[in-house]
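Reviewing the structure listed below.
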Amino acid sequence: MRAWFVFTARDARDLLLSLLPTAFALWISAHLVTGVQYESPFWLLASAAVLAVGDLLVRPLLGPLSAAVGPLVTVVIGVAVQLLLLHTALTAVPGLDLRSLNALWQVYLWTGLVGVAVRWLVGSNDSRWVVRGLLRRRPRDPGTARPPGLLVVQVDGLSMPLLQFGLHSGTLTTIARWVRRGTHVAEGWRAQLPSTTPASQAGFLHGTTEEIPAFRWWDPELRRVLVANRPADAAVIERRAVEAARAAGRRGLLADDGASIGNLFSGQAGHAHLVVSTSRAGGSGRPYLRYVARPFVLGRSLILTLGEIVKEFYQGWQQRVRRVEPRIARRGWYVLLRALTNALLRDLNVALVAQELADGRAVVFVDFLDYDEVAHHAGVARPEALDALAGIDRVLQTLADVAAVAPRDYRVVVVSDHGQAQGPTFEQLGGRSFKDVVADLLDAEGPTHPVVATAAGEEMRGRVDVLVREFAPHAKSERVSARHEEEEPAAGRDAVVVATSGCTALLSVPDAPSGRIDLAEFDRRWPALVPGLLATPGVGFVAGYREDEVVVLGAQGERDLGSGRVRGTDPLEALGPRAASDLLRVMRFGNAPALYVHSTVEPVTGEVHAFEEQVGSHGGLGGGQNEAVLVHPAEWKVDEDLRDRSVPGEAPLVGAATVHEQLVRWMQQVGLRP
């Protein structure tokens with residue numbers, strides 16, 4: 001451990017260079033704030049040195065305290081310490097004069113703002129500042145043996161086609177550098193239906209994607225709709241995944257001294273932060289200390305968050321002025337959610353990962369939602385979405401640099417959970433929401449039949465809910481995400497539950513024991529429903545049950561998934577050779593819907609039509625949704641027996657559970673798992 005604390009001439013030089021940006025920011029602040037005077041710029045440099053030394057002295061003292069209190073108290077203490085250090089730096093230096101506490105607040109804010117502006121001008125406006133203390137540590141001697149470690153970074157929503165574009169366009173400079181230097185290999189893997197985060201993360205972390213038919217669905221066991229980004233529902237989903245994994249003799253990917261950060265599920269990690277399924281009130285504040293105790297870090301993140309709000313208003317206005325199509329209204333909660341995702345939560349996740357790497361966790365798994373959230377609203381390859389993607393790429397380099405000085409020899413794997421497809425929404429196409437279309441068709445042949453609909457809520461809302469639960473223990477935070485979903489009245493007889501997930505919609509019948517009924521029963525009870533759906537613009541196919549077989553119906557034909565028999569035009573013909581097996585697998589789940597509705601997929605553009613208000617969407621088939629990404633160290637080969645060769649000329653990994661198996665095998669190769 002001595003190598004971590006040896007102070008050399010190089011360290012002294014790096015320390016001096018690190019003081020210059022702070023001194024410059026203080027110099028600007030001194031000119032802008034009435035109540036601060038200085039005799040010479042030298043004293044500003046001395047003040048920056050006092051801040052740096054105070055940070056080094058105070059943080060070790062705060063460690064034991066933050067371990068005993070919750071995150072909220074840690075934040076309060078951290079901000080108080082920052083202000084106290086700044087006050088000391090501005091009053092203890094003889095050539096400086098601070099005349100009021102009001103001036104102290106102004107200096108704090110202006111110094112943070114100037115720091116953000118300077119880093120933006122020099123092109124380094126990323127999260128390195130959050131972990132700069134770690135980055136100043138010298139890399140270990142290559143001859144020094146370190147135990148192995150694994151860092152898995154999930155880039156939510158990144159498709160293989162977009163990765164290839166990013167390598168050429170300069171958007172993904174870090175990954176491009178890794179691939180071109182030969183340290184990493186980038187390849188695609190197929191995200192099975194449903195192409196959603198809960199299914200893929202359950203696969204990555206627990207090795208199973210069973211019984212997860214969508215992002216939200218009617219659960220016949222609980223007699224209610226499950227929504228994966230609600231903490232209580234995520235806990236149910238993970239508990240079932242753990243039980244299925246144990247039955248198959250598996251443990252969670254993070255069960256051996258692992259850390260789960262910013263994910264839907266914990267993966268049985270002993271250290272879980274901002275995880276939806278295990279969100280709790282309170283807990284240790286120590287992992288958050290690096291983020292809140294360093295001077296200006298929290299203030300910088302808050303300023304960047306406000307900047308993202310301004311940027312979103314401008315970019316949304318630009319889409320309207322330029323008449324970009326397709327587009328949706330970008331307002332309401334999304335504006336705040338984007339700001340939190342791309343600024344404050346990104347920095348917080350980086351700080352938490354850095355802390356776990358510094359503590360030597362065997363395996364760390366983190367999810368960055370930045371790109372996925374922006375692409376839903378702006379478009380898959382629009383400038384703002386690519387900017388979010390570039391921000392994650394910069395974070396990758398920061399985390400790789402932290403890993404280089406960590407106590408373990410970490411290998412970095414980058415994986416995406418699914419891709420995204422773009423297109424006008426279903427409502428833009430036909431002028432009515434999918435819920436309204438279903439309601440009208442149910443009413444066509446008789447009295448009104450209630451429709452219980454679960455409308456779209458941004459994935460990020462669940463993460464904000466977790467943030468509230470972590471930092472405000474007494475808040476009724478479970479309502480934060482729940483209130484953004486439509487109300488779910490009790491489903492009585494003849495009710496049909498409609499749960500939309502991207503370009504798919506799941507229709508269930510609660511008065512049936514399993515939530516599903518035969519197509520013949522649909523024809524008897526609601527004869528206009530299925531024919532009406534198939535005649536509606538934007539609906540590609542409807543899958544249901546005919547006796548014991550799963551049948552896919554299209555406007556011009558049908559396909560029996562069991563026998564493969566096709567009458568007329570095959571509804572799945574344009575979706576590729578793996579579509580039938582994907583759909584049959586989901587329709588065999590115990591919680592599968594009575595009707596599975598999928599939007600049309602444009603044959604040339606690959607555009608889909610989301611049943612919720614999203615320009616970029618996922619959850620179904622086609623348009624890049626299933627073309628996920630795996631970037632792994634070049635010396636770690638993908639095992640040939642895991643590749644699927646059922647389609648001539650193709651040999652990808654198929655399914656997140658297979659990616660889990662490959663990760664486990666790599667861990668076994670380096671001794672991270674017996």
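The values are calculated or read from the model by the stated rules, or taken from the named source; none is laboratory data. Bear in mind the structure is a predicted one, so any value in this text is a computation, not a measurement. All Cβ positions, glycine included, derive from the backbone under ideal geometry; neighbour counts span all protein chains shown.
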(request) Given the conditions (1) small (Gly, Ala, Ser); (2) modelled with pLDDT of 95 or more; (3) outside any helix (DSSP H, G or I), report the number of the one that Gly143 does not fulfil. (result) (2)
(request) Those residues that are in contact with a Gly (Cβ under 8 Å, 6 or more places away or on another chain) and not in a loop (DSSP other than H, G, I, E, B), I need them from the stretch 404-413; list them, please. (result) Asp409, Tyr410, Arg411
(request) Could you tell me which numbered condition Ser508 fails, if it satisfies all but one of (1) closer than 23 Å to Gly622 by Cα; (2) crowded, with 24+ Cβ neighbours inside 10 Å? (result) (1)
(request) Quick one: which residue in Ala186, Ala202, Ala176 is crowded, with 24+ Cβ neighbours inside 10 Å, of a type in the set (A, V, I, L, M, F, W, C) and at pLDDT 95 or above? (result) Ala202
(request) Check Glu613, Glu573 and return the single one that is farther than 29 Å from Pro513 by Cα and within 26 Å of the chain's Cα centre (by Cα). (result) Glu613
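Being under 26 Å from Pro407 (Cα atoms) and of a type in the set (S, T, N, Q) is the filter; apply it to the stretch 148-184 and report the residue that is farthest from the chain's Cα centre (by Cα).
Thr183
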(message) Taking the criterion of being assigned to a strand (DSSP E or B) and surrounded by fewer than 24 Cβ atoms within 10 Å (Cβ to Cβ), would at least one residue in the stretch 652-659 satisfy it?
(response) yes
(request) State whether the residues of the stretch 296-311 include one that is crowded, with 16+ Cβ neighbours inside 10 Å, more than 28 Å from His418 (Cβ to Cβ) and of a type in the set (Lys, Arg). (result) yes
(request) Being without any contact (Cβ under 8 Å) to a residue 60 or more places away in the chain and hydrophobic (A, V, I, L, M, F, W, C) is the filter; apply it to the stretch 349-393 and report the residue that is surrounded by the fewest Cβ atoms within 10 Å (Cβ to Cβ). (result) Ala388
(request) Kindly indicate the residue of the stretch 208-243 that is assigned to a loop (DSSP other than H, G, I, E, B) and aliphatic (A, V, I, L, M) and also nearest to Phe265 (Cα to Cα) among those meeting that condition. (result) Ala228
(request) Give me a count of the residues in the stretch 251-287 that are modelled with pLDDT under 70 and over 18 Å from Val153 (Cβ atoms). (result) 7
(request) Could you list all residues from the stretch 370-413 that are closer than 30 Å to Gln669 by Cα and within 15 Å of the chain's Cα centre (by Cα)? (result) Ile392, Asp393, Val395, Leu396
(message) Filter the stretch 621-653 down to the residues that are in contact with a His (Cβ under 8 Å, 6 or more places away or on another chain) and closer than 19 Å to Pro326 by Cα and list them by number.
(response) Gln625
(message) One residue is enough: does the stretch 314-327 have a residue meeting the conditions at pLDDT 85 or above, over 30 Å from Leu429 (Cα atoms) and among the polar types (S, T, N, Q)?
(response) no
(request) State whether the residues of the stretch 414-433 include one that is assigned to a helix (DSSP H, G or I), over 15 Å from the mean Cα position of the chain (by Cα), crowded, with 20+ Cβ neighbours inside 10 Å and modelled with pLDDT of 90 or more. (result) yes
(message) For the stretch 628-645, which positions are farther than 23 Å from His618 by Cβ and of a type outside the set (Val, Ile, Thr)?
(response) Pro633, Ala634, Glu635, Trp636, Lys637, Asp639, Glu640, Asp641, Leu642, Arg643, Arg645
(message) Quick check on the stretch 604-612. Is at least one of its residues in contact (Cβ under 8 Å) with a residue 24 or more places away in the chain, farther than 30 Å from Arg565 by Cα and in the same structural domain as Asp436 (by TED's automatic domain parsing)?
(response) yes
(message) Of everything in the stretch 515-530, what is of a type outside the set (D, E, K, R) and surrounded by 15 or more Cβ atoms within 10 Å (Cβ to Cβ)? Give them in sequence order.
(response) Gly515, Ile517, Leu519, Phe522, Trp526, Ala528, Leu529, Val530
(request) Test Thr305 against the stated conditions and say whether it is under 21 Å from Glu612 (Cα atoms) and hydroxyl-bearing (Ser, Thr, Tyr). (result) no
(request) Give the stretch 329-361 a look and list any residue that's assigned to a loop (DSSP other than H, G, I, E, B) and in contact with a strand residue (DSSP E or B) (Cβ under 6 Å, 6 or more places away or on another chain), or say none. (result) Arg361
